[in-house]
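Here is the structure we will look at.
Any read-out appearing in this document is the output of simple, stated calculations on the displayed coordinates, not a laboratory observation. Keep in mind that what you see is a predicted model, and the values were worked out from it rather than measured. Neighbour counts run over all protein chains shown; Cβ positions are idealised from the backbone, glycine included.
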């Protein structure tokens, strides 16, 4: 008779004492050592710390997800990639490959889009200041120009007259949705009648043709009803403008502002619970737009193209920042602090987000409330005011995410130079997409008058 | 690389002993991971495999050892060990 124990299939059952509750979920893991299957530590060795890493795969997935959410609900949809959100050339090119137009808000951005190979006819030109030369280039190249104020309206009219051609233009509108703070500084106000005044003026011009309406109701808008109301108001204005001026509106551009899965400071609930998905935004917007444009087909008018300028929600979670601990200390109130080699010079969004921060490698020890400071000799340089982390030693690396939106455009060359940015490509390879800056980057545009050259006096 | 060489390399993919070594195991099947703070319950067979994987990376030796302790044929043990090691790899990183 056998003395051996019976064989039962091996089982491992996790305990879930801190599982789902009404305030949050378990964190799936407490460290992040890879991005898209690529180990991060060797990249940090090769390119130095800190290091931004962009995921091409996530960027494409997000762009396709956005397009699918809207194009399955509305017949004609266009995505204008918001350059100001992240205008690294490689990021823009991925999105242009995915079919996005360029949405630019300055001459600099316009020229960057052209340099990347985007034809003018696929550029949406927004913003409160479009210099005359840029406006003329945009007119000549057939860009979608969205007029911000009357001076711009007259400037475009003069260019059109000089060129002897009729120019299609869009009007930027502002109005009160009742959900978000009205951004009345941009465009023409509907309630005060300025928008219809502008539409009428365009209607009487032989050089201008009103073909589009644009508005942008805010940023990180969490209530989808705000967009539904925006769509209703814009559709109503479209009908009124067409009726009053005889124009034919070809597109409604609802701007951007969709929230990303980032933790806005001051919000109690985690992003997974408060940030709507693309489908929820699409459902609200298209439902309202369908309702508001129901009569157009009967009158023989085509439905307008729905233009989205979604930036943050497409790129934010496609990029991480890896930073190393360079020092630590106990603050007088007993809290532990760590000093990182990346601060608000690279993470502009740390001012309004509580970014997710995880060790690159599993770290032993009990988690403790920790303050994360950046490397700047400035009191404002705090990456996280409070985050639970295990004990940190000099050299430990942390992964900060999501950081894809606004950091690579608003980062500062202040006290520290800006680090390299690499992209994990869809095939698993890694490509540098921006070199780390050096002292030469800082000084190459400077010129030194001869009278100021060394030697310096040691007299005080 | 010949087949034997490949076979001898195979166990190294089973699980990382250095990861499993950090686990605190009790004889009645309580598993605690001090890095993540997560805890688990493992049955007797799983505990036997887990203890072996902490020190041994050779699949053939693990299977042979299990066959002396448990009433199981080598192929069935091998299959379950491979599957369980995968579970451990994903549970403890």
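Building the convex hull from the alpha-carbon atoms of segment A:221-368 and averaging its projection over directions returns 12.7 nm². Rounded to the nearest 10 degrees, the angle from helix A:278-292 to the longest Cα principal axis of chain A is 20 degrees. For segment B:3-91, the Cα gyration tensor yields ellipsoid semi-axes of 22, 16, 10 Å (square root of five times each eigenvalue, largest first, whole Å). Counting, for every residue in B:46-58, the Cβ atoms of other protein chains within 10 Å of its Cβ and taking the mean gives 1. The value of relative contact order for chain A, using C-alpha pairs under 8 Å at least six residues apart, is 18 percent.
Descending by average beta-carbon neighbour count within 10 Å, the peptides B:34-41, A:451-458 line up as B:34-41, A:451-458, the highest first. If the chain linking residue A:115 and residue A:184 were pulled fully straight, counting 0.36 nm for each residue of separation and taking away their Cα-Cα distance, it would gain 21.6 nm. Note on B:30-39: average number of Cβ atoms from other chains within 10 Å of each residue's Cβ is 5. Spin-label pair residue A:265-residue A:409: with each label point 7 Å from Cα along the Cα-Cβ axis, the two points sit 2.1 nm from one another. Shielding value for A:181-192 is 0, the average number of Cβ atoms from other chains within 10 Å of each residue's Cβ.
Tell me, what are the semi-axes, in whole angstrom and largest first, of the equivalent ellipsoid of segment A:344-428 as set by the roots of 5 times the Cα gyration tensor eigenvalues?
Details: eigenvalues 95, 70, 30 Å².
In descending order the semi-axes read 22, 19, 12 Å.
Taking the average, over residues, of other Cβ atoms within 10 Å as the packing measure, peptides A:268-278, A:227-237 rank A:227-237, A:268-278 from highest down.
Work out the FRET efficiency for residue B:54 and residue A:394 from their Cβ-Cβ distance, taking R0 = 30 Å, and round it to the nearest 0.05. Can you show the working numbers first?
On the way: r = 31 Å, r/R0 = 1.02.
Here the calculated transfer efficiency is 0.45.
Most tightly packed first, judged by the mean number of other beta-carbon atoms within 10 Å of their residues, the peptides A:434-440, B:42-48 read B:42-48, A:434-440. Dividing the helix sum by the residues of chain A, where each DSSP H run of 4 or more adds -39500 (n - 2.57), gives a mean residue ellipticity at 222 nm of -8500 deg cm²/dmol. The long axis of helix B:74-91 is offset from the longest Cα principal axis of chain B by roughly 40 degrees.
Just the Kirkwood number for the protein assembly as shown, please: inverse of mean 1/r across all distinct Cα pairs, in Å, one decimal. Across the protein assembly as shown, the inverse of the average 1/r is 27.4 Å. With all projection directions averaged, the alpha carbon convex hull of segment A:310-460 covers 13.8 nm². Separation of segment A:387-460 and segment B:13-41 by C-alpha centroid, Å? The distance from the Cα centre of segment A:387-460 to that of segment B:13-41 comes to 40 Å. In this simple spin-label model, placing a label point 7 Å from the Cα along the Cα-to-Cβ direction at both residue A:457 and residue A:191 gives a separation of 6.4 nm.
Would you work out the relative contact order for segment A:56-316, in percent, from Cα pairs under 8 angstrom that are 6 or more residues apart?
Details: 480 pairs, mean separation 53.6, N = 261.
That works out to 21 percent.
Measuring nothing but how far apart in sequence close Cα pairs (under 8 Å, 6+ apart) lie, relative to its length, chain B scores a relative contact order of 31 percent. Pair-distance distribution P(r) for segment A:83-149, from all Cα-Cα distances in 5 Å bins starting at 0: 4, 19, 34, 24, 13, 5, 0 percent.
Taking only the Cα atoms of segment A:56-316, the ratio Rg/Rh comes out at 0.95, with Rh defined as the Kirkwood radius. Hey, if you drop one equal point scatterer on each alpha-carbon of segment A:166-289 and run the Debye formula without solvent, what base-10 log of I(q)/I(0) do you get at q = 0.14 Å⁻¹? So the normalised log intensities are -0.62. Between segment A:176-213 and segment A:111-142, how many Å separate their Cα centres? Cα centroid to Cα centroid, the span is 21 Å. Once the Cα atoms are used to define both axes, helix A:194-204 deviates from the longest principal axis of chain A by about 50 degrees.
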